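Shown next, in structure tokens, is the structure this report addresses.
Please treat every number below as a calculation from the coordinates, not as lab data. Here the structure is a predicted model, which means the values were calculated and not measured. Cβ: placed from backbone, ideal geometry, glycine included. Neighbour counts: every protein chain shown.
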Amino acid sequence: MQLLSINSLNMQFGGLKAINDLGFSVDQGEIRGLIGPNGAGKTTLFNVISGVYKPSKGSITFKGQEIGTLKPHRTTRLGIVRTFQSITLFKNFTVLKNMMVGCHLHSNYSYWGALLNTAKTRNSEKDNERKAREILEFMGLTGYADDLAANLPHGHQRALGVAIAMAAEPELLLLDEPCTGMNTDETEEMVGLINKIRDRGVTIMLIEHDMKVVMGICDKITVINFGTKIAEGTPAEIRKDELVHEAYLGSDFDAA
Amino acid sequence: MTENTKVAAGVWLIAIAFAFLLPVICSYDKYILHVGITIAFNIALATSMWLIWTLGFISFAHAGFMGIGAYTSALLFTGLGWSLWVNMWLAAAVAGLMAFVISIPLMRTRAVYFFMASWAVGEVIKRVFAYYRGIFGGWDGIFNIQPPKLVLPGLNIDFSSRVAYYYLALVCCGLIVYVIHRIVRSRTGMIYWSIHESEILAQHVGINVLKHKVIAFSTACALAGVTGALYAHYHTYINPKTFDIWQSEFSLVHIIVGGLNTLNGPVLGATLLTVVDELLRPTGWYRVIFFGVVVILTVLFLPGGLETVPARLRALVGKWRKRSD
Amino acid sequence: MALDELTQMTLTGINLGLMYALIAIGLTLIFGIMRIIQYAHGEFYMLGAYVLYYWAAVLKLPYWVGIIVSAAVIFVVGAALQLLLFRPLHGKNILYSLAVSMGLIFIISSGGLLTFGTIVKGIPSVVTGGVMVFGAFYTYERMVISIVSAGLILGLWYFLQRTTTGMAMRAVSQDPEVSSLQGINTRRIHWIAFGMGSAMAAVAGCLMGTLLSIVPTMGFIATVKAFMIVILGGLGSVPGALIGGLIIGFIDSFVTTLVSADVAYIIGFATIFVILAFKPTGLFGQDWD
């Protein structure tokens with residue numbers, strides 16, 4: 001079943017066409033890889049899907065609903081949650097507090113309830129904390145709950161980024177280079193986590209430069225260059241594709 | 001952590017008790033009570049300004065909204081003869097409503113642009129009071145704004161008495177601080193700080209950032225409006241100059257020197273600096289220079305303000321102990 | 001409206017506009033390169049005027065040399081303050097540098113009131129006479145001042161486009177990280193830019209002081225105008241500051257003559273507010289963080 005579908009999408013900044021007539025769709029339950037050379041428009045695509053930018057032309061539908069003009073908090077509410085290429089956390093909060101903010105969407109929050117600290121608010125905050133701790137455990141971060149996010153080692157900061165996204169209970173999770181700057185062990189751990197997240201029924205779109213990761217876990221891969229789709233298929237098909245090799249000039253591609 | 005919270009609660013209790021006993025302690029000295037009332041106003045202004053800071057903004061229009069409250073209350077008194085008891089709420093409503101309307105475009109701007117836009121709003125508010133002589137009395141302002149009376153069966157208080165007004169200011173400003181305290185320590189406060197930390201991430205966990213900014217700004221300005229009403233009925237005279245950028249700047253000084261991270265900061269800063277301000281009053285312009293020096297020194301050598309001093313001292317003692325072991 | 005009145009207002013508009021632009025370009029230069037709000041910018045404008053006053057009116061030394069001396073003195077003061085106060089705060093929350101420049105306003109303006117007194121003073125003119133243009137009297141003094149302002153703006157433009165330091169400045173303002181990787185000494189660029197920006201305000205102070213009069217509180221108005229202009233023209237944009245300066249100069253000249261100075265203020269600020277409401281980064285500005 002189609003979860004997300006992108007049709008003749010264009011994103012223009014001044015004279016620069018970052019996304020040019022792009023179209024593809026993602027099925028429920030799959031892990032979709034999104035690859036392409038630097039500056040191909042992958043992160044821009046995430047920004048458009050999640051609502052940071054309004055598309056110049058074209059449409060994006062999620063579960064049959066047009067979401068092109070929705071702001072980030074609205075797309076999140078619909079179930080599209082993303083992570084960021086550069087580590088983006090509430091750095092001066094503890095890990096647990098990061099998660100508590102992450103739970104916001106399903107926290108039963110109301111302004112007056114919070115101000116008056118009603119029994120209902122106190123109960124839902126207890127539920128939120130339970131949920132936050134459960135996700136931390138799922139992500140293997142339990143031991144860090146009371147540490148400042150800024151003090152975590154790099155790999156765990158990335159994991160926390162994903163954990164915060166998970167707290168928003170996504171149906172579609174957009175991961176922007178989750179393994180950047182990680183060593184082999186950390187990368188392996190992250191791959192395991194991504195698989196576990198998929199097993200929870202979350203559909204995943206993954207931008208990643210590490211070809212081993214992409215080829216290893218993706219069901220299907222979409223290749224983008226100059227903002228246009230140049231190939232799509234299973235990892236095995238992509239590996240053989242002429243155009244893809246040309247776009248990458250054979251370099252980091254053969255390494256995988 | 002809990003140990004520190006206990007100490008802080010203790011200090012707060014002592015401070016509140018002291019504030020309530022002050023008239024007795026100073027044997028009803030009129031000048032000291034005046035300083036006390038000024039401190040109360042400055043605390044209310046600084047803490048409500050700090051509430052906006054929890055989202056990462058500093059509004060230079062803050063004193064302007066205090067002015068809107070003051071003028072609302074003053075005009076209702078001189079025009080319709082309504083007392084502070086009613087006007088106070090209307091002052092909050094008018095200031096909050098104006099803030100709400102202005103904040104929708106204002107909050108779209110960020111960082112430096114917000115600072116300059118809020119600065120422009122503050123100046124416009126002042127100039128509007130100054131320009132429309134017929135309504136606001138121009139640069140001369142509004143005179144003869146009387147303090148209220150409280151007449152209940154068996155109780156008759158005239159707030160033109162300094163002591164009575166001191167308690168009124170104390171209770172009202174105490175309530176303002178308490179409301180802000182409640183906001184900040186609830187989930188709302190957590191959302192505000194998360195916007196401060198990373199606006200983009202806050203958006204992507206589903207927080208409607210613009211909505212929260214508008215609500216926070218309007219709340220803070222409504223609270224400033226109440227402060228303005230209290231100010232007007234105490235001084236019985238207001239003019240546009242009282243509410244110009246200088247007033248906002250001094251509140252910012254209070255926050256920076258007191259501390260930016262918790263509500264204790266602005267309360268501490270406003271209290272201490274108001275006292276220092278009064279002590280230095282005879283020195284004229286030197287006192288402004290003093291404030292300039294203090295603010296620069298704080299930023300350079302004590303970032304985080306006076307509220308971080310206990311933690312710094314503890315760290316220092318800890319280090320010293322380790323060395324002597 | 002009579003032709004002479006219109007000419008008069010236009011000439012005043014150009015005159016004011018160019019001087020405003022001079023102040024605003026300094027502010028925009030400092031912002032573009034250091035990403036701080038130099039809230040005390042107007043105070044350097046005031047100090048510059050007083051340096052010239054002491055040089056030309058008190059010591060009776062040659063006027064034009066005085067302008068150069070004033071620019072030099074304020075350059076040194078600005079650069080020193082950058083090294084002393086602003087450098088340690090580089091890269092921290094913008095509130096800190098804002099607070100420091102606010103502290104500077106307190107110190108400089110009150111210090112000015114204490115040292116220079118509250119009495120309004122004048123800098124004697126060196127150019128006399130004038131000419132009739134469409135029935136309006138245009139003094140040579142104002143003509144010379146307009147030419148000097150325009151010349152300085154052109155000179156700065158040339159400096160930024162053609163000299164090594166100027167090009168380094170533009171590089172830093174476009175991308176501090178990349179330019180420091182390319183071997184540009186950004187720390188040096190910072191103090192030079194701060195000094196130059198302050199010196200431009202000082203020259204504007206000298207010219208305005210000659211045309212009108214000087215008081216220690218004149219800095220605030222200059223800051224107000226400079227802020228209006230950079231919001232109009234976009235922070236960090238030098239051509240924007242020139243255009244913005246001329247726009248505000250014309251608004252001031254026309255509205256002040258036809259209605260009142262208070263209305264000129266309200267219109268100026270309302271314009272800024274409306275612009276920011278629709279374009280939160282100013283007319284030609286970028287989204288700075």
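As a ratio to 2.2 N^0.38 Å, the alpha-carbon radius of gyration for the protein assembly as shown is 1.05. Counting, for every residue in B:172-184, the Cβ atoms of other protein chains within 10 Å of its Cβ and taking the mean gives 1.
Protection proxy ranking, highest mean first, for peptides B:236-248, B:43-55: B:43-55, B:236-248, where packing is the per-residue count of other beta-carbon atoms within 10 Å, averaged.
What you get for region C:1-141, charging only the Cβ of Lys and Arg (+1) and of Asp and Glu (-1), is a dipole of about 560 debye around the Cα centre.
Other protein chain C-beta atoms within 10 Å of residue C-beta, averaged over C:267-278: 5.
Just counting partner chain Cβ atoms within 10 Å, what average do the residues of peptide C:92-98 show around their Cβ?
Mean inter-chain Cβ contacts per residue within 10 Å come to 5.
In chain C, the longest principal axis of the Cα atoms and the axis of helix C:140-162 are about 20 degrees apart.
For region B:2-324, the share of alpha carbon pairs falling in successive 20 Å distance bins from zero is 31, 58, 11, 0 percent.
So how tilted is helix A:119-138 from the main axis of chain A? Cα-based, degrees 0 to 90, rounded to 10. Its long axis makes an angle of about 40 degrees. For the residue pairs A:Lys42/C:Lys92; A:Lys91/A:Lys131; A:Lys126/B:Lys319; A:Lys126/A:Lys212, alpha carbon separations beyond 29 Å are given by A:Lys42/C:Lys92; A:Lys126/B:Lys319; A:Lys126/A:Lys212.
Could you state the angle between the C-alpha long axis of helix C:3-34 and the longest principal axis of the C-alpha atoms of chain C, as a value from 0 to 90 degrees rounded to the nearest 10? The answer is roughly 10 degrees. For region B:217-256, the residues whose amide N sits under 20 Å from a probe point set 7 Å from the Cα of B:Glu199 along the beta carbon direction are B:217-221. Put simply, the amide H of A:Lys220, placed in the peptide plane, has neighbours under 5 Å in A:Ile31, A:Gly33, leaving out anything fewer than 5 places away on its chain.
The 3J(HN,Hα) values that the Karplus relation (6.51, -1.76, 1.60; θ = phi - 60°) gives for region A:166-183 are, in residue order, 5, 4, 7, 6, x, 9, 10, 10, 9, 9, 9, 6, x, 9, 4, x, 9, 7 Hz. Gly and Pro appear as x. When only alpha carbons of region A:89-168 are considered, Rg and Dmax amount to 12.8, 39 Å. Only helical runs count toward this figure. For chain A, summing -39,500 (n - 2.57) over DSSP H runs of n ≥ 4 and dividing by all residues gives -12000 deg cm²/dmol at 222 nm. For the options B:His181, B:His254, B:His204, a Gaussian network treatment of chain B with springs between C-alpha atoms closer than 10 Å singles out B:His204 as fluctuating the most. Which Cα, out of A:Ile221, A:Asn151, A:Thr187, lies furthest along the positive dipole direction of region A:127-253 (beta carbon charges, K/R +1, D/E -1)? Positive-end residue among those listed: A:Ile221.
Residue separation of B:Trp12 and B:Ile25 scaled by 0.36 nm, minus their Cα-Cα distance, works out to 2.9 nm of gained length.
Based on the Cβ-Cβ distance from A:Glu232 to A:Lys54, what FRET efficiency comes out when R0 is 30 Å, to the nearest 0.05?
On the way: r = 25 Å, r/R0 = 0.85.
According to the calculation, E is roughly 0.75.
Placing unit charges on each Cβ (+1 for Lys and Arg, -1 for Asp and Glu) gives the protein assembly as shown a dipole about its Cα centre, and among C:Trp191, C:Gly135, C:Pro62 the Cα reaching farthest toward its positive end belongs to C:Pro62.
Model label sites at B:Leu152 and C:Val263, defined 7 Å from Cα along the beta-carbon direction, differ in position by 5.2 nm. In chain C, inverting the average of 1/r over every pair of distinct C-alpha atoms gives 19.3 Å as the Kirkwood radius. Taking Cα centre as origin and charging only the Cβ of basic (Lys, Arg, +1) and acidic (Asp, Glu, -1) residues, the dipole magnitude of chain B rounds to 560 debye.
Only Lys, Arg, Asp and Glu carry charge here, each on its Cβ (+1 for the first two, -1 for the last two); on that basis chain C has a dipole of about 660 debye about its Cα centre. Residues considered: C:Arg142, C:Arg35, C:Arg187. Largest GNM mean-square fluctuation over chain C, using C-alpha springs under 10 Å, is found at C:Arg187.
Computed over chain A with a Gaussian network model linking Cα atoms closer than 10 Å, the most mobile of A:Glu177, A:Glu246, A:Glu137 is A:Glu246. Shown is the FRET efficiency for A:His106 and C:Leu212, computed with R0 = 56 Å from the Cβ-Cβ distance and rounded to the nearest 0.05: 0.30.
Using a Förster distance of 22 Å, how high is the FRET efficiency between B:Tyr286 and C:Ile221, based on the Cβ-Cβ distance and rounded to 0.05?
My answer for the efficiency is 0.40.
Just so you know, the Cα atoms of chain A work out to an Rg and Dmax of 18.9, 64 Å. Sorting the segments C:163-171, C:244-252, B:163-171, A:116-124 by their mean number of nearby beta carbons within 10 angstrom, highest to lowest, gives C:244-252, B:163-171, C:163-171, A:116-124. Among A:232-239, A:2-9, B:315-322, the peptide with the highest mean count of other Cβ atoms within 10 Å heads the list, and the full ranking is A:2-9, A:232-239, B:315-322. Phi angles of region C:38-45 translate, via the Karplus equation with coefficients 6.51, -1.76, 1.60 and θ = phi - 60°, into HN-Hα couplings of 8, 5, 8, 3, x, 5, 6, 4 Hz per residue; Gly and Pro are given as x.
Backbone N atoms of region A:33-72 closer than 20 Å to the 7 Å Cα→Cβ label point of A:His209 belong to residues A:33-47.
Go ahead and estimate [θ] at 222 nm for chain B from helices alone: -39,500 (n - 2.57) per DSSP H run with n ≥ 4, summed, over the residue count, rounded to 500.
Mean residue ellipticity at 222 nm (helix-derived): -25000 deg cm²/dmol.
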